[in-house]
Amino acid sequence: MLKRLPIALLSLAFLLNIGLVKADRLQLSALEQGSLDSSLLLDIDVAGQRLVAVGEQGAIIFSDDEGDKWRQAKVPVSAMLTAVNFLNHTAGWAVGHDGVLLSSKDSGTQWQLILDGNQLNQLRAKAIEKSIAELSVQSEYDPVELEHLEYQLDDALFAVDEGASSPLLDIAFIDSQKGFAVGAYGLFIQTEDAGSNWYYTGHKLPNPEGLHFNRLFYSKQGELFVLGEAGLLLKSNDKGLSWESLSLPYQGSFFSMVEGDELYLMGLRGNALKRVESGVWEQIELPVKSTINDAVEVDGKLYLVGQGGALLQKVASGFEAFSKRGLLSYSAVTHLEHQLIAVGESGVTKIALEEGAENE
């Protein structure tokens, strides 16, 4: 289901890019792309039999013929979009820079702006203020917890004055009503009513350093994961009501997780982990040192994509190269029929599963 200059770092490369006129990006519609399937794209998802991809300058493109021809959707903003997720074949969501959150009810043909970074900053400040008020009236409370909340409130109020600058990096729905979006500096919002209302809960997660949240993943066992920087991996067993921070043998950033025979966690410089039966994570070797940005499971087989055109498949002995062309990076991958559909620096790439050969 933060979702990637190397692609995995592309979102982070823009985190401090606040000198641009944010108001323009939030008020101007997405720029018309000359060559739709060759522009920079950061994520892709499937809405029924339709492919929907998002990327630079607010571009959202879609294809109804397995990626042969593409059309551009109507999008009210021109901010970089980082992730897209479809709840079903019609209802979709996308997030991006300047705290943008978009919604579509027609399989991605048209999009509406639901939240921007200014509104997100307000949600964050009000949520922290409420938590401080609730803690302060308790007869006994932890002064360290109160001090930490007050520090977070100072940071939130500064963000309100600064304006829409922090990006959302991923979004995922785990059922028809409950969805989550994550982003830079620990941004975390969620909805309980299929996106009609969103509220901020990032200050309640175990992330005292305010590390970036890069990605969300929901396992077949009902575990919700947040993948972050500096070895951060959070897990909830109750659909986001409570969280725990997991101890890992690698302390770099993570960008992707995939489930096959076990859960696999991937990140910077080809570092990958596998969860063993006891719940312990052990490091595994990949045949590349490229950052892995995304992964997909197809009929029980796992495929990983990443920087430098890295494309790997899971075999009995581990992972091996599946196909590669050039050095341009892949940021995300999905599948449709008998092919992988990858997006990245060179736009859209179709890869036949039977041959491991890329279709022109």
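So which residues in region 172-207 are hydrophobic (A, V, I, L, M, F, W, C) and either surrounded by fewer than 16 Cβ atoms within 10 Å (Cβ to Cβ) or more than 18 Å from Glu223 (Cβ to Cβ) (or both), if there are any at all?
Across region 172-207, the qualifying residues are Ala181, Ala184, Leu187, Ile189, Ala194, Trp198.
Criterion first (among the hydrophobic types (A, V, I, L, M, F, W, C), farther than 16 Å from Gly344 by Cβ and at pLDDT 85 or above) does Leu87 satisfy it? Give the steps one after another, and end with the answer.
Numbers: among the hydrophobic types (A, V, I, L, M, F, W, C): yes; farther than 16 Å from Gly344 by Cβ: yes; at pLDDT 85 or above: yes.
Here the answer is yes, as Leu87 does meet what is asked.
Name the residues in region 306-320 that are crowded, with 22+ Cβ neighbours inside 10 Å and either within 23 Å of Ser346 (Cα to Cα) or among the basic types (Lys, Arg) (or both), would you?
We begin by selecting, within region 306-320, every residue crowded, with 22+ Cβ neighbours inside 10 Å; these are 306-307, 309-312, 319.
Hits for region 306-320 are Gly306, Gln307, Gly309, Ala310, Leu311, Leu312.
Which numbered condition trips up Gln49, out of (1) within 25 Å of Gly34 (Cβ to Cβ); (2) more than 17 Å from the chain's Cα centre (by Cα)?
Just one mismatch for Gln49, condition (1).
Would you mind telling me which numbered condition in (1) at pLDDT 95 or above; (2) among the acidic types (Asp, Glu); (3) more than 23 Å from Val333 (Cβ to Cβ) Asp64 fails?
Status for Asp64: all satisfied but (3).
Quick one: Ser103 ticks every box in (1) part of a strand (DSSP E or B); (2) farther than 22 Å from Leu28 by Cα bar one, so which box is it?
Among (1) part of a strand (DSSP E or B); (2) farther than 22 Å from Leu28 by Cα, Ser103 violates only (2).
For region 208-218, check the following and say yes or no: at least one residue is surrounded by 20 or more Cβ atoms within 10 Å (Cβ to Cβ), closer than 18 Å to Tyr185 by Cα and of a type in the set (S, T, N, Q).
Yes.
Test each condition in (1) out of contact with any Asp or Glu (no Cβ under 8 Å at 6 or more places or on another chain); (2) hydrophobic (A, V, I, L, M, F, W, C); (3) buried (at least 16 other Cβ atoms within 10 Å of the Cβ); (4) at pLDDT below 95 for Leu16 and report the one that comes out false.
(3)
Please give the strands (runs of 3 or more DSSP E) falling wholly within region 222-288 in which 1 or more residues are over 18 Å from Lys314 (Cα atoms) and among the aliphatic types (A, V, I, L, M). Spell out the reasoning first.
Values: elements: 224-228, 233-236, 254-259, 263-267, 272-275, 281-284.
In region 222-288, 224-228, 233-236 are the strands (runs of 3 or more DSSP E) which contain 1 or more residues that are over 18 Å from Lys314 (Cα atoms) and among the aliphatic types (A, V, I, L, M).
Looking only at region 245-287, filter to residues that are at pLDDT below 95 and aliphatic (A, V, I, L, M); which one of those is nearest to Leu234 (Cα to Cα)?
Residue satisfying both the conditions and the ranking: Val280.
The values are calculated or read from the model by the stated rules, or taken from the named source; none is laboratory data. Since the structure is predicted, the reported quantities are computational estimates derived from the model, not experimental observations. FYI the Cβ positions are ideal-geometry reconstructions off the backbone, even for glycines, and counts take in every protein chain you see.
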